[in-house]
Amino acid sequence: MPMLEVKNLSVDFIVEGKHLPAVTDATFSVEKGEILALVGESGCGKSVSCMALARLVPEPPGVYSSGSIKFKHADREYDVLGLDKKSLREFRRHRISYIFQEPSASLNPVFRVGDQIAESIFLRGDVDNESKVRDEIISVLKQVGIPEPEQKMMSYPHELSGGMQQRIMIAMALASKPDLLVADEPTTALDVTIQAQILELLREIRNRTHMSIILVTHNLGIVADMADRVVVMYAGHVVETAAAKTILKEPMHPYTRALISAVPKLTHQKEKLATIPGSVPSPASYPKGCRFFGRCLLAENITAPKQELCISTVPAIEEKRKGHFCRCHYSK
């Protein structure tokens, strides 16, 4: 069994008495020591899927409608959606940590950063000596490349740059010694140079600790540089899953192909930028069949009788080739 296995997960939000699907029938897994990229445009369900891994989607308005989330650690298996409150707290403390895209919004402005890292250490429950906690804070700050950690741990968040704040967030995540690190667009608010440094830091952490990482992004350049495997999401559905090199070189789903085609190419400066026609359907009015049908270039080139299947039936996600899964009636 993989370290993390998500099967047929559906998460809805109740709005004015109606169930609006945020994630529908999502299936993916993460192996020990793997970097899995979760890709898709804004609103496709990436962040909700990641929040659901530790049951962080608030209930209500959120509802875990169906599916399962299984997490394996050593000889223990966690059924995340079935955990009681005590077991869920233990799971969150020891097994999983998060880094979000806006460190300034995640760090508490009235506490020194060292105190915030100390909280993660205390919550583990295996250290209660203040001297040992201080040593561990300094150690984890060194691990994330922060100079003069003894001084920096006394700083308040507003005294640090955006890149330094994100390093503090990574230090807080590492302090709990998790098996899985979820990085939800961790470089969005940073300039290009700092982005590269943060991504290199995450890669170094994976290589050194063999920690698994889920990297949420819409940047295919980051996917090519960082990911071992890729999960592509569209309108709440997982539409394609494969090794990163396979996805980038031989995409099968029309949406994945369109995403890759839309990446600007520096060698073709005078060509018109490719776009995806139409817009993403609203969760309040998802079509009965394939959610990408209205924007699909593949569907435009098939006969009307074949289009009826796209219109009337949601395609299942199937293994089209070894290790390559796709949710499309006609992709090959």
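For the reader, a short list of remarks on this structure follows.
- Restricting attention to the range 74-90, the residues being surrounded by 15 or more Cβ atoms within 10 Å (Cβ to Cβ) and either more than 13 Å from Val11 (Cβ to Cβ) or out of contact with any strand residue (DSSP E or B) (no Cβ under 8 Å at 6 or more places or on another chain) (or both) number 3.
- Boolean, Glu308 is within 21 Å of Val231 (Cα to Cα), at pLDDT 85 or above and out of contact with any helix residue (DSSP H, G or I) (no Cβ under 9 Å at 6 or more places or on another chain): no
- Number of residues in the range 262-301 that are more than 18 Å from Gly43 (Cβ to Cβ), touching a Pro at 6+ places or on another chain (Cβ under 9 Å) and of a type in the set (Ser, Thr, Tyr): the value is 0.
- Scanning the range 304-332 for residues that are of a type in the set (Gly, Ala, Ser) and either surrounded by 18 or more Cβ atoms within 10 Å (Cβ to Cβ) or touching an Asp or Glu at 6+ places or on another chain (Cβ under 7 Å) (or both) yields a count of 1.
- Note on the range 251-275: among residues that are in contact with a helix residue (DSSP H, G or I) (Cβ under 6 Å, 6 or more places away or on another chain) and either among the acidic types (Asp, Glu) or surrounded by 18 or more Cβ atoms within 10 Å (Cβ to Cβ) (or both), the one that is farthest from Val23 (Cα to Cα) is Pro251.
- Among the residues of the range 51-74, the one identified as out of contact with any helix residue (DSSP H, G or I) (no Cβ under 9 Å at 6 or more places or on another chain), under 23 Å from Ala175 (Cα atoms) and part of a loop (DSSP other than H, G, I, E, B) is Ala74.
- Taking first residues from the range 5-22 that are farther than 14 Å from Pro283 by Cα and partners that are of a type in the set (Asp, Glu), the Cβ contacts under 7 Å between residues at least 6 apart in sequence or on separate chains come to Asn8/Asp25.
- Within the range 142-236, helices (runs of 4 or more DSSP H) holding 2 or more residues that are in contact with a helix residue (DSSP H, G or I) (Cβ under 6 Å, 6 or more places away or on another chain), of a type in the set (Val, Ile, Thr) and surrounded by 21 or more Cβ atoms within 10 Å (Cβ to Cβ): none
- The range 284-303, residues that are loosely packed, with under 11 Cβ neighbours inside 10 Å and under 10 Å from Val314 (Cβ atoms): Lys288
The values are calculated or read from the model by the stated rules, or taken from the named source; none is laboratory data. Keep in mind the model is a prediction, meaning the values are calculated, not measured. Quick reminder, even Gly has a Cβ in these numbers, built from the backbone with ideal geometry, and neighbours come from all protein chains shown.
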